[in-house]
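Participant: The structure follows.
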Amino acid sequence: MVLEFLFGSKEVRKHPVYLLIQSFIISSLSIWVAYAIFPNNASITAIAFVTIGLVPLIEKIFSEEEEEEEEKPSSSLGFVARHFDIIAIFTWFFIGLILSYSFWYFALPSENGNICIGSACFQAPLREKVFSEQKSTLSAIQGAFSGNASREDCFAASKSLEKCGEFIFANNAIVLGLAILFSFLYGAGAVFLLAWNASVIGILIGQKALELQSYGHGLASGIGLVPHGIPEILAYFLGAIAGGIISAAIIRGKFQTKGFEQVAKDAIVLIVIAYIILLAAAFIEAAIIVGG
């Protein structure tokens with residue numbers, strides 16, 4: 001697939017913003033192709049196509065990252081410096097998907113209609129079909145203000161900040177564990193989970209843009225998702241990176257070398273930091289729910 005290497009791994013590592021462009025293009029094409037082939041299941045199929053299109057590049061970046069880390073003395077660079085480039089790459093990848101999904105949610109018609117470029121018009125994918133699963137997820141989140149918290153712990157008369165936070169953390173910890181596991185087993189397998197999260201956020205932004213256009217406001221209901229949403233996504237980033245670099249090291253048969261010790265230590269540190277951030281995010285979310 002030509003689009004897999006629209007920009008090569010070396011170019012992306014040197015200029016991570018290139019991945020924003022690549023993820024925007026691939027996700028846009030994925031939306032249209034998924035709707036054309038599987039109109040009734042386009043929302044999930046598009047995410048699968050995004051994953052297929054970007055995993056080869058992400059896996060190559062993981063492999064290069066792990067190989068360079070083995071060659072560097074453990075004291076030559078700080079922890080953040082060793083992983084800054086790949087964190088930046090994931091960030092631009094995520095932002096590219098958010099921009100793509102928010103743009104297409106805003107641009108596509110909700111009913112049968114055509115998109116015209118000059119005098120050329122063609123049938124456009126329907127917003128309600130292309131983004132159906134993401135909208136269901138958002139409805140669950142917005143309906144209870146948190147799709148992760150139980151009503152008993154967070155919304156009953158005897159709601160408790162501690163129990164609510166614990167319940168949210170337990171559920172989010174499972175998602176983080178899956179991100180680490182997928183990334184470990186499939187190299188860049190966590191791309192699917194990150195792409196799904198990005199699509200949901202993008203559609204939220206698209207919804208608010210439509211509300212602003214038609215009514216003049218609408219951002220307030222989405223602002224409450226930001227304080228805990230940002231650290232949650234950061235935690236998933238770190239977990240995916242940890243699983244990816246350790247997977248690349250094992251695949252290359254380097255698990256008995258001295259350099260692997262540094263890779264393993266960094267992966268463990270990343271996982272611990274990810275769970276600490278996730279714990280903080282859970283109690284921020286719980287405080288918003290209980291306080292509201």
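The values are calculated or read from the model by the stated rules, or taken from the named source; none is laboratory data. Since this is a predicted model, take the numbers as computed values, not measurements. Methodologically, a virtual Cβ is constructed for each residue, glycine included, from the backbone with ideal geometry; neighbour enumeration extends over all protein chains shown.
Participant: Which condition does GLY189 not pass, out of (1) assigned to a helix (DSSP H, G or I); (2) at pLDDT below 80, if it passes all the others?
Facilitator: It fails just one condition, (1).
Participant: Listed residues LEU126, LEU108; which is modelled with pLDDT of 70 or more and out of contact with any helix residue (DSSP H, G or I) (no Cβ under 6 Å at 6 or more places or on another chain)?
Facilitator: Numbers: LEU108 fails: out of contact with any helix residue (DSSP H, G or I) (no Cβ under 6 Å at 6 or more places or on another chain).
Answer to the check: LEU126.
Participant: GLU64: more than 20 Å from the chain's Cα centre (by Cα), at pLDDT 70 or above and either loosely packed, with under 14 Cβ neighbours inside 10 Å or over 30 Å from LYS129 (Cβ atoms) (or both), yes or no? Steps first, answer last, please.
Facilitator: Working: more than 20 Å from the chain's Cα centre (by Cα): yes; at pLDDT 70 or above: yes; either loosely packed, with under 14 Cβ neighbours inside 10 Å or over 30 Å from LYS129 (Cβ atoms) (or both): yes.
Spelling it out, GLU64 is indeed more than 20 Å from the chain's Cα centre (by Cα), at pLDDT 70 or above and either loosely packed, with under 14 Cβ neighbours inside 10 Å or over 30 Å from LYS129 (Cβ atoms) (or both).
Participant: Can you spot a residue in the stretch 8-21 that is out of contact with any strand residue (DSSP E or B) (no Cβ under 7 Å at 6 or more places or on another chain), free of Cβ contacts under 8 Å to residues at least 24 places away in the same chain and of a type in the set (Val, Ile, Thr)?
Facilitator: no
Participant: Which of the residues belonging to the stretch 21-52 are over 11 Å from PHE192 (Cα atoms) and buried (at least 21 other Cβ atoms within 10 Å of the Cβ)?
Facilitator: Listed by number, the residues that qualify are GLN22, SER23, ILE26, SER27, SER30, ILE31, ALA34, TYR35, ALA42, SER43.
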